[in-house]
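Bear in mind that the values in this text are calculations on the coordinates, not laboratory data. Worth saying up front: this structure is predicted, and the values here are computed from it rather than measured. Reconstructed Cβ throughout: ideal geometry from the backbone, glycine too, with neighbour counts over all protein chains shown.
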Amino acid sequence: MTDKTATAIMVLGMHRSGTSALTRILNLLGADLPDDLIKANAYNKSGYWEPSAVVALNDAWLTKARAAWDAPYLPEEALTGALPRSAVKTAADTISDAFGAGHDLIALKDPRCTLFAPTWRQAIVRAGYAPAQLIIHRDAAEVAQSLAHRDGFSPDEAGLLWAWYCLKALEAHVANGGVVMSYAALREDWRSVMERVKHELSLEALTLTEEASAQVDAFLQEPRSKSEAAFSADVSDIISAVQTLHVKAQANQPLGDLASLQQDILDRAAHSRDAVVRVRAEGQKQLTKIERERDKARDDQKATEAGLVKERDEARQALESERARLSEERNRARDALATESARLSKERDEARDVLKAEQQRLSAERDEARNAHSAASKRADQLDMALQEERRAHESLNQDFKALESSVHAYQDQVSALEDELRRTQADYVAADAERQALRVEALRLRAIEQSSIWKATTPLRALMARIPGARSFVRRGLKAVWWTITGQLGARLKARKAAELAAQLDAGRAVEGGKPTPGVKSPIRTLNGVLTEEFDDAASYVPELISRYELAFQSEGQAPIKTVVGDEAARKMAERLAKIAARHPKAATPDVSIVIPAYNQISYTLACIESVFASAPKASFEILVGDDQSTDGTQAAAGVPMAHVRWVRHETNQGFVGNCNLTAEQARGRIVLMLNNDTLVLPDWLDALVETLDADPQVGLVGSKLIYPDGRLQEAGGIFWQDGSAWNLGRFDHPRRPEFSYARDADYISGASIALPRALWEKLGGFDDHYRPAYAEDADLAFRVRADGLRTVFQPRSMLIHFEGVSSGTDLAAGAKAYQVQNLEKLRERWAGVLAAHRPNAQEPEREKERGVTKRVLFIDITTPEPQHDAGSLVAVETMRALQALGFKVTFVPVDNFLWTKAYSAPLQAMGIETIYHPFYSRFEPFISARGAEYDLVVVHRFAAAERVMGALRTHAPQAKIAFMPADLHFLREQREADLSGDAIALEQAAETRRRELAIIQSADAVLPHSDLEIELLKEATPETPPFKLPLIHDPDPLAAGFHRRSGVGFLGGYGHPPNVDAVDWFMDEIWPRVRAVKPDARFVLAGSKMPDRFKALDGRNGVEVLGFVETIDEFFGSVRASLAPLRYGAGAKGKVAASLALGTPCVSTSVGAEGMGLTPGVDVLVADDPDGFARHILAMLDDENRWNELRQAGVDFARRETSREVVRQRLSDMLGHLKLA
């Protein structure tokens, strides 16, 4: 046992054998006792010191076995077989309820526990204590004398009972050890006995202070009784045999077989036990009969008393009723007399009043007739005056209304101006925010410069610059150029500068053409450049350059086609320049993608489009097929220039858009066919995002891009077809980065300006349908046919391009090829009328219609946007959102803090179809949830810190939603363990406060999703009203290929912003690693993870330590070491580093804290040790034993398949959703 675990001493022995005295001595020396103890009495004046609840439970068990404390003679299987299945749990609960919490040492005493010693020992362990045993025995004759006095036992009855209890105590000693002592020795020299107990059981909590010693001495002053009991010869032999066993046990000698002696006692005592049981049963029957008769007599007495009371009350009520009746009749007679008198008096008065009234009426009529004429005259005057006043008031109101109308118009003008100013301010804010980010990056860069050797070396030169002002600018530019060259920034800097200059030049040129620009309103090219910078930094700086170089004109709504001005010679020169760029791009034997660009004239746009493909630097290999549909400009001249990756396919006759695409695609060699309009400029990641979407899900048949106008506005984010066959380009003219238009989702169609699908599917469907020749609606029809084939049509916003729209055909619906748009939409409506009937009417709930297949919506909340490369919690968050998608939910993610969009972490969520909320569209949680809280069926809140801040707002603004809380780990448990480890009392108080707050959050949720079995059990008890569902850390089994001999050393991976990880490395380096190196001096320890303290970084290269720091992928770490380590001394929840290691086929060595709650089997799935020597031995085994390494590797992968796979997680979430009635 260790000082970390509380201890429970179980005092075993016969009644009247000194168990009470021993227990009291333990209590005086520091062992705690419960408050509810059996009271002292005449037979034990100093007290029994045994818990009432324990005694009651033992008696209940004995009664169930048809036994008693004084008739316990049953074979072991009969006695324990009568115990209920829940006996251990009931006993453990009894201990916990009796003693409460917070004890280092307790003493548990009831002689009956001796009969059930194994059960009580298990209960002690379940209650959280380490068990220890003390066995005390007393002279049999003294015990017999005491029992004869108290209970009237004969000597032989008492002797056999003494022998049976002693053998049961010795059985427990044989099974689990302990200290055996005699009552005589305890009274003679209790100090020596207690020192022996303290030493042999390592009970440091027993303290022999002077005060305690004095109390024990006083306690043992009670006189010892003398024995006069005499036993029969047979019983004396049994007693002697047991006494011999006591001597051996005290000397720690083997006791041999106890069974024969127990059987001898059973044979002799069986009749005694049966007699006792019969007598008690008969007595119980008589007692029950007497109690029934007594209860019946009491009931009869109560019934008689109740009858008499009822009769008395009824008599009283009858008397009162009669009195009330007589009183009422008397009052009615009095009232009748008074009424009659009043009537006669009233009739007399009324006759007098009638006469008087008639006289007054005649007088009044005369007066009224006189006044009527005068009043009529005055009223006429008043009405005339009122009419004049009304006319004046009407005129005044008319003037006021005109003034108010003018004010309203002025106010509306002011509101419009303010709205324009707000839009400009928001745009400027976005630009300023991007500038602030750039300044932060620049500050870091400048700090790096100041710390560099170049900066230090140029100090004299800078001093010279200060003295010679004219040289300062020249030298500064030179130094910048040198620094940018050394750090690899020169190309990007020049590109960004050139893009900005080109944007300014293009804006200036357009201002001259279109007149003076509006003050305060950004020009189209500057707006576009701002959008591209926000999304891609300087990676898209080639776009303004291409617009300038190829003189690409912007197309306006309703314009005719732009006419080409590029002749053969100019086209050939542009193509020759482009050929040099194409030659630098690596070539693949078989391309992944065949990019089909249909073209009719407009060679400058076609070449600009091709160059943008190269400039976007895709990872996927590609070929470009340009379908020349009988162009009459310089297209043929450009086609004559050989160009790597580009093939020109010229048709004999003009085919129109549909025919051009189909004929050109026949030449495709890639596994994916991609249709790309020639009036587009593709942006970074455009091609790879489309390819990754198709490769990630075989159910995706067609994927398309987000289209952006050249002025920076959104052209389309997928399309909607309404019930009447009309179509919407979703998001048209809105901000292209708005969250609602920036996550992957199914769409009715995506414009054919940029769509991709597997070549096999393209050929199976026959490409675009000739039914729509020459052009328009063919792309929408293709999307409908893809879905009819059982596949999905997906809008992928991470694939973006600039679309000039209508360069070849114009944008005027009444002229040219564009006129076919109206006709072909009617054809499409007729063909797909059955499908469209299930769509909404035009413009009805577009936010719902854009994702028509979605029936359930979930809001996922975390502190910040998940960074799965940095911490296990973020990985769990992403995988949980992925699992919810697989269960049919549309997922929206919103952070509580830091609404900054980042390409590294926000963009991947959007690419997988998760709507991600970010600045500047929302910058705080409260406005978002108040605006959109009513949308969600389920809200999942990740981490305690997030839940505390949003739970109130969720219940206010999303009252209909069920709330599931994912705690990551129980903070209070981690804090409590850390405080226990450090012994910090203040930290313990803080942990208790955290517990209160965290449990309050859990109680307010509808479900809780812990990662650990341990936390599940804890929450079942602490918050039974909130059902827990275990959500394992999510790691699909995916063992890395590297075997035993391709790896070396061991390693630790973790985020060092988490204190338990820092403590783990400190403990490992101080206590474990020196032991490993002492045996294996060349052993290697790899230290990896983010936010690493400088003192850990300083270990690199010393004592076999290799510091990797942050790793982009965990494969990089786990594939290089033979075993991962989790030497955690405190913490809570399941450990991501352990789950990841096992799933990737890297064995793990852990402490019990690191492996707890995950369902792992130590020694099978994972190696576990809590002491430095054991931990070091496991490491050495993983470094040297290849067979053992392979066994653990396979067991870990099998564990991941059973416990942490995505399939398992989906099932666990499905169970929770079923409980919440959301399945």
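Details
- A simple spin-label model places the labels of LYS346 and ARG392 5.6 nm from each other, with each point 7 Å out along Cα-to-Cβ.
- Model label sites at ASN842 and ARG316, defined 7 Å from Cα along the beta-carbon direction, differ in position by 8.7 nm.
- Estimated FRET transfer efficiency when R0 is 60 angstrom, pair ASP36-VAL822 (beta carbons, to 0.05): 0.10
- For the peptides 831-841, 585-595, 601-611, the ranking by packing is 601-611, 585-595, 831-841, with the highest mean count of neighbouring Cβ atoms within 10 Å listed first.
- Using a simple spin-label model with pseudo-atoms 7 Å out from Cα toward Cβ, ASP1215 and LEU887 lie 1.2 nm apart.
- Unit charges on C-beta of K, R, D, E only; dipole of the stretch 132-257, Debye: 120 debye
- Label point at GLU188 placed 7 Å out along Cα→Cβ; residues across the stretch 149-181 whose backbone nitrogen lies under 14 Å: 181
- Ordering ARG361, ARG997 by the number of other Cβ atoms within 10 Å of each residue's own Cβ, fewest first, gives ARG361, ARG997.
- Relative contact order computed over the stretch 856-1022 (Cα-Cα under 8 Å; 6+ residues apart), in percent: 20 percent
- Shown for TRP648, TRP69: other C-beta atoms within 10 Å of each C-beta, ranked fewest to most, produce the order TRP69, TRP648.
- Across the alpha-carbon set of the stretch 864-913, the Rg to Rh ratio works out to 0.94, Rh being the Kirkwood radius.
- This ranking places MET385, MET912, MET800, MET966 by how few other beta-carbon atoms lie within 10 Å of each, fewest first, which gives MET385, MET912, MET966, MET800.
- Theoretical FRET efficiency, 1/(1+(r/R0)^6), r = Cβ-Cβ of ILE1016 and VAL1079, R0 45 Å, to 0.05: 0.70
- Across the stretch 568-849, the relative contact order, built from alpha-carbon pairs under 8 Å that are at least six residues apart, equals 20 percent.
- Over 27 Å between alpha carbons, listed pairs LYS706/LYS890; LYS619/LYS850; LYS1030/LYS1091; LYS64/LYS296; LYS168/LYS1020; LYS619/LYS1135: LYS619/LYS850; LYS1030/LYS1091; LYS64/LYS296; LYS168/LYS1020; LYS619/LYS1135
- Average Cα contact separation per residue, the stretch 7-250, under 8 Å, 6 or more apart, as relative contact order %: 28 percent
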